[in-house]
Structure formats: C-alpha cells, structure tokens
C-alpha cells in the first residue's frame with residue numbers, strides 16, 4: 001500500500017502503461033536504425049516462478065533473522081556505535097571555551113565518530129547562544145543552523161542515525177502526520193503518556209493539534225533527552241500503524257507509555273544482539289540459547305571496556321546502556337519492526353506468566369486436597 005516491500009521500492013502495473021507514460025513519443029514510431037542500436041534493449045518478462053497480483057499476498061519476511069533486521073549497518077561495529085553514542089553527549093564540552101568548541105565543530109572528517117563529535121559541539125553552541133549564532137573559522141563565517149543541516153545530510157549518507165536524530169531535534173523538525181496518528185490511537189481506545197522512563201509523564205487522552213503536540217514533546221522529552229524527541233515521534237507513527245494492522249498486540253493495554261516502551265525496545269534489541277552473537281558462534285546448534293550468558297558477557301565486556309575508557313577520559317560523560325546505543329543508532333525503517341517484535345515478546349511473556357500461575361494454582365489445590 002505504501003509502495004515498499006521489505007524496504008524495496010515496488011511499483012505494480014503493466015509494462016505497456018509504463019512505457020507509454022514514460023516517453024513522449026510512442027515506440028510504434030521508433031526508427032528501425034535506432035531499434036537496432038546496441039544501447040536499445042527490448043523489455044523481457046522475468047520468470048520468477050511465482051505470480052503476485054497484490055502486495056497483500058506477498059510472503060512475509062518472518063524467516064529473516066533479527067541480525068539482518070538490526071544490523072544492516074554492517075560497516076559500523078559495536079564499538080563504533082557505542083563510541084558515537086557517547087560522543088554526542090555535550091556535557092564534556094560545557095567547561096570548554098567557545099573557540100575550543102568551534103574547533104571541534106569544524107574538525108574535518110566524515111566518519112561516524114567525527115560526525116558525533118561535531119554535532120555535540122554544535123549542540124553546545126546552540127545551547128550557549130542560538131541556532132542563528134554566527135561564528136568565524138578564520139576565513140569563513142558560518143551559522144550554527146546551516147552547519148547542523150549540512151551535518152544531518154552527511155550523517156544520513158553515512159547512516160549515523162543517532163546524529164541524524166539529534167540534528168532533527170536541534171532543528172525542531174516535527175512530523176506533520178503525528179496529529180492524525182494520535183487520533184487513530186485515541187479512536188482505538190488507547191491513551192498515550194509522553195515523557196521519559198523514571199521521569200515526569202503527561203497523559204494524552206484527547207486529540208491535539210500539531211502545535212500542541214510539538215510543545216508537549218518539546219517540554220517533556222527534549223529537555224531530558226533530545227534524541228528521544230525524535231524517537232518518540234517515530235514511535236507514535238509506528239504505534240498507530242500497528243494498531244490498525246495488529247490490534248491484538250495491544251490487548252489489555254490502555255496506557256501506551258512511550259518512555260517505558262522505548263526501554264522495553266532497548267532490552268529486546270540487546271537480547272537479540274546477544275542471541276545473534278551466539279548463533280554466529282555455533283550456527284548448527286539446535287539450542288543457541290545455551291550460549292546466551294557467555295555471549296552476553298562478551299558483548300557487555302566490549303561495552304564496559306569502551307565506557308570505562310570514555311569515563312576515564314571524560315569525567316562528566318553520561319553513560320548509556322548497550323541497548324540504548326543500538327536503539328538510538330537503529331535505522332528509522334526498522335523501528336516499527338523492532339516495536340512489533342517487542343510487543344509480541346510482551347504478549348508471549350504475559351501468556352507464559354498466566355500459564356505458570358494456572359499451573360501453580362493447580363498444584364496448590366492438589367496439595368491441599370491430599
């Protein structure tokens with residue numbers, strides 16, 4: 001329906017219509033000498049062995065491993081993701097002078113780590129002054145807003161999504177379709193709570209216009225975590241989409257707490273990351289779960305070693321969890337898939353909990369009768 005299937009752009013239709021609408025002159029009048037040219041190739045029908053008349057009958061990608069979904073950024077290692085996530089924190093820059101911050105903001109380099117350092121410096125400059133602040137680099141005068149926009153473009157090319165999300169938050173970019181998505185959530189009988197985990201939350205139980213919703217997210221989320229300002233917008237869109245297609249996943253849920261839902265997604269992503277490592281270690285094992293503890297320790301050891309080195313270098317750094325590092329660096333097109341897997345895991349866990357309670361009550365009754 002939206003023109004994409006498993007992240008691939010697909011257009012359905014007849015080749016005759018595409019050809020007639022794609023060229024000004026009809027191919028019926030194509031000169032013979034042009035048709036014989038080597039650069040002209042006639043259209044051939046591909047035999048794929050299957051025929052699909054609608055997007056609804058396409059097979060689902062359930063057999064894809066979580067690794068293929070979560071780690072499309074194969075060129076970015078776990079260590080680079082962790083370092084980049086800690087590099088976007090501007091707290092270590094608060095003690096530096098403006099000139100030192102400007103030097104970091106204009107430091108050359110397009111790798112993910114350099115982009116993270118640059119956006120942290122620009123974030124600090126915008127906090128001290130504003131986005132329209134002008135600064136000199138010796139030969140050129142630059143504006144913070146223009147630098148953030150250019151950095152967002154570079155980060156998108158490099159797929160450094162934590163930098164893209166922070167840039168969008170600094171530029172106050174807001175999805176215009178959030179208000180209709182919020183209305184869909186409310187019509188389905190659900191309510192939203194906007195805020196961060198273990199922090200203040202505001203219940204949204206009535207439709208809001210885009211300006212009111214933006215102001216609410218800005219006040220409750222941006223001041224605590226600017227990256228979550230962008231992530232919670234993506235989450236609202238994903239929740240409304242899943243409510244229309246998989247409403248059963250929200251059975252028994254009245255309040256959708258965005259901050260805590262992101263925390264659950266972090267845990268889910270962290271467990272899948274460790275499970276992928278165990279499968280890579282023994283792909284023929286029928287019990288990959290048995291390696292989970294060891295691989296979890298291995299993955300955490302990488303995280304802890306990097307965090308320890310960063311903390312020793314920057315005493316004011318705000319350490320983030322391993323799951324947060326991966327979630328904040330997750331491509332936007334995969335947020336909905338991760339939310340779907342998280343909700344399914346929650347429903348499975350609730351069913352297992354109910355089954356265990358039923359078994360325990362049966363055992364207790366049997367013991368009492370005996």
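The values are calculated or read from the model by the stated rules, or taken from the named source; none is laboratory data. Values in this document were obtained by computation on a predicted structure and should not be read as measured data. All Cβ positions, glycine included, derive from the backbone under ideal geometry; neighbour counts span all protein chains shown.
Which residue out of 237, 166, 231 is modelled with pLDDT of 90 or more, within 18 Å of the chain's Cα centre (by Cα) and farther than 25 Å from residue 343 by Cα?
The conditions single out 166.
Please determine whether any residue of the stretch 85-102 is modelled with pLDDT under 90 and farther than 30 Å from residue 139 by Cα.
yes
Limited to the stretch 131-143, what total is found for residues that are in contact with a helix residue (DSSP H, G or I) (Cβ under 6 Å, 6 or more places away or on another chain) and in a strand (DSSP E or B)?
1
Given (1) assigned to a loop (DSSP other than H, G, I, E, B); (2) at pLDDT 90 or above, identify the lone condition not met by residue 174.
Every condition holds for residue 174 apart from (2).
Filter the stretch 239-255 for residues that are closer than 20 Å to residue 201 by Cα and surrounded by fewer than 19 Cβ atoms within 10 Å (Cβ to Cβ) and give the result.
Within the stretch 239-255, 253, 254, 255 qualify.
Within the stretch 190-226, count every residue that is touching a residue at least 60 places away in the same chain (Cβ under 8 Å), closer than 21 Å to residue 177 by Cβ and either outside the structural domain of residue 244 (by the TED database) or in a loop (DSSP other than H, G, I, E, B) (or both).
Going through the stretch 190-226 one residue at a time, the tally reaches 1.
If you go through the stretch 208-217 one residue at a time, do you hit one that is closer than 18 Å to residue 122 by Cα, at pLDDT 90 or above and surrounded by fewer than 21 Cβ atoms within 10 Å (Cβ to Cβ)?
The answer is no, given that none of the residues of the stretch 208-217 is closer than 18 Å to residue 122 by Cα, at pLDDT 90 or above and surrounded by fewer than 21 Cβ atoms within 10 Å (Cβ to Cβ).
Could you tell me how many of the residues in the stretch 80-130 are under 19 Å from residue 225 (Cβ atoms) and assigned to a loop (DSSP other than H, G, I, E, B)?
Matching residues across the stretch 80-130 total 4.
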